[in-house]
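Heads up: the structure comes next, in structure tokens.
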Amino acid sequence: MTNDFSGGKVWQNIIYQAIPLMLAQFVQLLYNVVDRVYIGHLPGTDSLALTGIGLVFPLTTLIAAFTYLFGTGGTPLFSIARGAKEEERAEKIMGNTFSLLLGTSLIMFLLCYLFRKPVLYLFGASDASYVYADAYLRIYLFGTAFSMLTTGLNGFINAQGFPRMGMATTLIGAVLNLILDPVFIFGLNMGVSGAALATILSQMVSCIWVLRFLTGRKAMLTIKRKNLRVDWRLAREITTLGLSGFIMQGTNCLVQVVCNATLKTFGGDLYVGIMTVVNSVREILALPVHGLTSGAQPVLGYNYGARQYTKVRQGIRFTAALGILYTLAAWLMVLILPHFLLSIFVDDAAMMEAGERALRVYFFGFFFMAFQFTGQSSFTALGYSKHAIFFSLLRKAIIVAPLTLLLPRIGFGVNGVFLAEPISNAVGGLACFSTMYFVLYRRLGREQMKMQEKKQEKKED
């Protein structure tokens, strides 16, 4: 293990962080993906069960948005403070993040549970699909606190240089979910309710694991009772930096709502189910590049705090290059194997036929996502919150949502909903990366040159 990210080669530190994080995120993804795989193959539901799960996505995404608000806000600040050797401040950041996550999770549970019926119909539910959506959601919501604490605090384990321990957090829960899903869904004949119950039990175990580590002796910095009282000035710093992650997830929620409502109008429940599958495939294929950029964040933040600007630039270049290569390969996979990717989730003939066409449209130019991820993560890691927030809004709220409403109504039909995504990837991704290059990357180069000039002047003196 290495806890000093300024030592050694930057690309090795990023890979060391990213690989366990990718595995952890993959395992985390299994929580929901495994549910969809089992539910998509439930006999006698005619894909309505999978459609119902798709209607729940916006709410689960909204919960994830608040998790990101505090988790992705607190972790970079924690890394910068640790790089600057301000350990007391770092622990206070972590303690405040815990309290913000816990308090918000209780509010989210109450609001979502009480208003779930009108919200699900607003999100595009029909009388037939609502039955399945409500059966899943009313149980799933009881795990809100477990989900938010696990995801929001796990980054602090990785930021201390324990990525394998962070991977174990989600590995334990996902394996348990993998075991419990068939038992509850098929063995106890609970259907979608069983999937939800398996998920929250698994999240509970993962949450216990995270809290035991962050309050135990193995962690370098721990959650202490004295730091749990919220310092509102510090909370503002956390939420300001985490606002980009919140907006990214919040706009995902907006897009999901708009997509489901538009697809219900132009294609019916079948296409709402197809979008559920397409989103599932996207989550799987986007995971490695997301893990790479997430793994780079603590390394970039630490070196920025330590004023090692050359290493920060090296990290950005490495992340961008590897991300582009991977997303090109993922795009090729979609073009060659669409039937296989869809068959993981469904076996309905009508859904398979329409889904192949939708998948190819949705993933066109997928490599542009690497530009968005690299620029976004660089802004977040180095504390450029305003830039991160703007580009989160640009891609989803300003480009995708309006296009999702417009394109189907000007002749593209349901294909217009799926076409909005590649357009946003190209426009938003290139805009984000270009701005990062000129505003951040080049400035770091100038700062490094100034530091070298000062060192040279001291030597001459």
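A straight chain from Arg442 to Leu114 at 0.36 nm per residue would run longer than the Cα-Cα distance by 113.1 nm. Protection proxy ranking of 384-395, 351-362, by the mean of other Cβ atoms within 10 Å over each peptide's residues and highest first, is 384-395, 351-362.
Checking (i) 37, 26, 19; (ii) 34, 29, 20; (iii) 44, 26, 23 against semi-axes √(5λ) of the Cα gyration tensor in Å calculated from these atoms, the matching label is (i). Protection proxy ranking for 252-261, 73-82, using the average of other Cβ atoms within 10 Å per residue and placing the highest first: 73-82, 252-261.
Per residue, what accessible area does the chain have, given a 1.4 Å probe and all protein chains present, in Å²? Each residue of the chain exposes 41 Å² on average to a 1.4 Å probe. Over 25 Å apart at the Cα level, from the set Lys9/Lys455; Lys224/Lys386; Lys224/Lys311; Lys311/Lys386; Lys85/Lys454, are Lys224/Lys386; Lys224/Lys311. Think of the chain as having a plus end and a minus end, set by charges on the Cβ of Lys, Arg, Asp and Glu; of Ser434, Phe66, Asn303, Asn303 sits farthest toward the positive end of this dipole. Between the beta carbons of Val175 and Ser343, assuming R0 = 30 Å, the FRET efficiency works out to 0.80 to the nearest 0.05. With R₀ fixed at 22 Å, the C-beta to C-beta distance from Thr215 to Leu102 puts the FRET efficiency at about 0.95. Quick check: from the Cα gyration tensor, does segment 166-321 come out rounded (a/c under 1.5), prolate or oblate? Verdict is oblate for segment 166-321. Taking a ≥ b ≥ c as the square roots of the Cα gyration tensor eigenvalues, segment 193-236 comes out oblate, since a/c reaches at least 1.5 and a/b does not exceed b/c. Using the Cβ-Cβ distance between Ala350 and Asp127 with R0 = 30 Å, the FRET efficiency computed as 1/(1 + (r/R0)^6) comes to roughly 0.90.
The stretch between Glu283 and Ala84, if pulled fully straight at 0.36 nm per residue, gains 68.2 nm over its current Cα-Cα span. Carbon-plus-sulfur accessible fraction, the chain (probe radius 1.4 Å, protein heavy atoms only): 65%. Is the shape of segment 126-257 rounded, prolate or oblate, going by the alpha carbon gyration tensor and its root eigenvalues a ≥ b ≥ c, with a/c under 1.5 for rounded and a/b larger than b/c for prolate? Note, shape of segment 126-257 comes out oblate.
Full extension of the chain between Leu405 and Lys450 gives 11.2 nm of extra length, using 0.36 nm per residue less the Cα-Cα distance. The spacing between segment 55-106 and segment 159-232, judged by their C-alpha centroids, is 16 Å. Contact order for the chain, expressed relative to its length and based on alpha carbon pairs under 8 Å spaced 6+ residues apart, stands at 24 percent.
The values are calculated or read from the model by the stated rules, or taken from the named source; none is laboratory data. None of these values were measured; they are calculated from a predicted model. Glycine gets a Cβ as well: all are built from the backbone with ideal geometry, and neighbour counts include every protein chain shown. Accessible surface is based on the protein model in full, side chains and every heavy atom, while ligands, DNA and RNA are left aside. Shrake-Rupley method; radii C 1.70, N 1.55, O 1.52, S 1.80 Å.
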